[in-house]
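> Just dropping this structure here.
The values are calculated or read from the model by the stated rules, or taken from the named source; none is laboratory data. Just so you know, these numbers come straight off a predicted model, no measurement behind them. FYI the Cβ positions are ideal-geometry reconstructions off the backbone, even for glycines, and counts take in every protein chain you see.
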Amino acid sequence: MHDDLGFHVALSQPVRRVVSLVPSLTGAIAATRPGSLVGATDWCTHPAGLEVARVRGTKNPDRSAILALSPDVVIANKEENRELDVRRLREAGVPVWVTDIETLDRAFSSMRRLFDEALGWGVPAWLVEAERRWAEPVRESGRRVAVAIWRDPWMVVGRDTFTGDLLGRLGVVHAFADASDRYPHIDLADLDAGDLDLVLLPDEPYVFTAGDGPEAFARVPTALCSGRALTWYGPSLLTARDDLAAALA
């Protein structure tokens with residue numbers, strides 16, 4: 001079988017020992033078959049209280065610690081993990097399944113393949129329900145919305161991202177969909193401009209709060225929201241649509 005990047009991955013099914021290097025997919029695996037998850041990154045914060053071996057970060061995983069866990073497969077992601085780490089794990093004899101997710105539809109199809117084809121567990125009920133909820137029609141509002149992800153310097157979500165696609169599925173216009181970069185820097189004066197209807201301020205990766213973020217804007221309304229709802233695929237998709245609709249209201 002082949003992962004999302006077309007790499008052939010030989011797996012014995014059903015898979016019993018998984019190390020996840022992707023926080024979103026850690027949550028997905030824990031929600032589906034928690035006993036199979038033997039390792040995760042320090043950034044894998046959901047579900048709360050997850051007790052598995054930690055293998056450092058998404059960009060600097062401890063490959064020796066991963067090997068010591070004897071996983072049947074390591075789950076990685078094209079954007080979140082380094083190709084170097086994937087290659088060296090494979091060279092050490094560890095099967096690595098790499099996902100590639102830039103849209104909501106791709107998230108659903110990628111996770112279906114991961115659970116059904118790669119892990120041999122079948123499609124989980126929570127995934128079926130999340131697909132159903134996001135398939136419900138939405139009324140287009142035409143509002144131009146930006147998503148800030150950092151300040152000093154200010155950065156926003158740009159082109160070809162899961163978050164940008166999510167905005168479109170919520171009936172609003174992603175203001176920076178045609179940006180030259182996926183996460184461009186932008187002057188605050190340009191962000192606080194009259195052609196925007198709203199700037200969303202999530203709580204990750206920068207932790208925007210009521211006292212840190214909204215006060216910088218004089219013209220454009222802002223709304224605090226969940227970073228997980230905007231950027232995580234997995235079980236958070238069950239509630240993300242309602243959570244984000246409330247923030248956009």
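> Looking only at the stretch 194-246, filter to residues that are basic (Lys, Arg) and more than 15 Å from residue 148 (Cβ to Cβ); which one of those is surrounded by the fewest Cβ atoms within 10 Å (Cβ to Cβ)? It would help to see each step written out before you state the result.
Quick first cut of the stretch 194-246, residues basic (Lys, Arg) only: 219, 228, 241.
Narrowing further to those that are more than 15 Å from residue 148 (Cβ to Cβ): 228, 241.
Working: 228: 22, 241: 19.
Here the answer is 241.
> Continuing with the same structure: Please work out which one of (1) free of Cβ contacts under 8 Å to residues at least 40 places away in the same chain; (2) crowded, with 20+ Cβ neighbours inside 10 Å is the condition residue 101 fails and give its number.
(1)
> May I ask you to list the residues in the stretch 64-85 that are outside any loop (DSSP other than H, G, I, E, B) and surrounded by fewer than 18 Cβ atoms within 10 Å (Cβ to Cβ)?
So the first thing to find is which residues in the stretch 64-85 are outside any loop (DSSP other than H, G, I, E, B), and the list is 64-68, 73-77, 83-85.
Scanning the stretch 64-85 gives 64, 65, 67, 68, 83, 84.
> Could you check, for the stretch 64-77, whether at least one of its residues is free of Cβ contacts under 8 Å to residues at least 24 places away in the same chain, outside the structural domain of residue 240 (by TED's automatic domain parsing) and either in contact with a strand residue (DSSP E or B) (Cβ under 8 Å, 6 or more places away or on another chain) or of a type in the set (Val, Ile, Thr) (or both)? Before the answer, list the steps.
Step one: filter the stretch 64-77 for residues free of Cβ contacts under 8 Å to residues at least 24 places away in the same chain, giving 64, 68.
Next cut, outside the structural domain of residue 240 (by TED's automatic domain parsing) only: 64, 68.
Checking which are either in contact with a strand residue (DSSP E or B) (Cβ under 8 Å, 6 or more places away or on another chain) or of a type in the set (Val, Ile, Thr) (or both) leaves us with none.
No, the stretch 64-77 contains no residue that is free of Cβ contacts under 8 Å to residues at least 24 places away in the same chain, outside the structural domain of residue 240 (by TED's automatic domain parsing) and either in contact with a strand residue (DSSP E or B) (Cβ under 8 Å, 6 or more places away or on another chain) or of a type in the set (Val, Ile, Thr) (or both).
> Let me ask you something else. In this structure, does residue 15 turn out to be without any contact (Cβ under 8 Å) to a residue 40 or more places away in the chain, assigned to a loop (DSSP other than H, G, I, E, B) and surrounded by 16 or more Cβ atoms within 10 Å (Cβ to Cβ)? Can you show your working first?
Details: without any contact (Cβ under 8 Å) to a residue 40 or more places away in the chain: no; assigned to a loop (DSSP other than H, G, I, E, B): yes; surrounded by 16 or more Cβ atoms within 10 Å (Cβ to Cβ): yes.
Criteria not met by residue 15.
> Also: Would you confirm whether or not the stretch 117-137 contains a residue that is touching a strand residue (DSSP E or B) at 6+ places or on another chain (Cβ under 6 Å) and not small (Gly, Ala, Ser)? Spell out how you get there, then give the answer.
Step one: list which residues in the stretch 117-137 are touching a strand residue (DSSP E or B) at 6+ places or on another chain (Cβ under 6 Å), which gives 118.
Okay, now just the ones that are also not small (Gly, Ala, Ser), so none.
Within the stretch 117-137, not a single residue is touching a strand residue (DSSP E or B) at 6+ places or on another chain (Cβ under 6 Å) and not small (Gly, Ala, Ser).
Residue-by-condition table, conditions (1) in contact with a Phe, Trp or Tyr (Cβ under 7 Å, 6 or more places away or on another chain); (2) assigned to a helix (DSSP H, G or I); (3) buried (at least 17 other Cβ atoms within 10 Å of the Cβ):
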| position | (1), (2), (3) |
| --- | --- |
| 113 | no, yes, yes |
| 122 | yes, no, no |
| 132 | no, yes, no |
| 148 | yes, no, yes |
| 163 | no, yes, yes |
| 167 | no, yes, yes |
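> Among 128, 156, which is at pLDDT 95 or above, within 29 Å of residue 6 (Cβ to Cβ) and of a type in the set (A, V, I, L, M, F, W, C)?
128
> What's the number of the condition residue 163 fails, among (1) free of Cβ contacts under 8 Å to residues at least 60 places away in the same chain; (2) polar (S, T, N, Q); (3) closer than 21 Å to residue 105 by Cβ?
For residue 163, the exception is condition (1).
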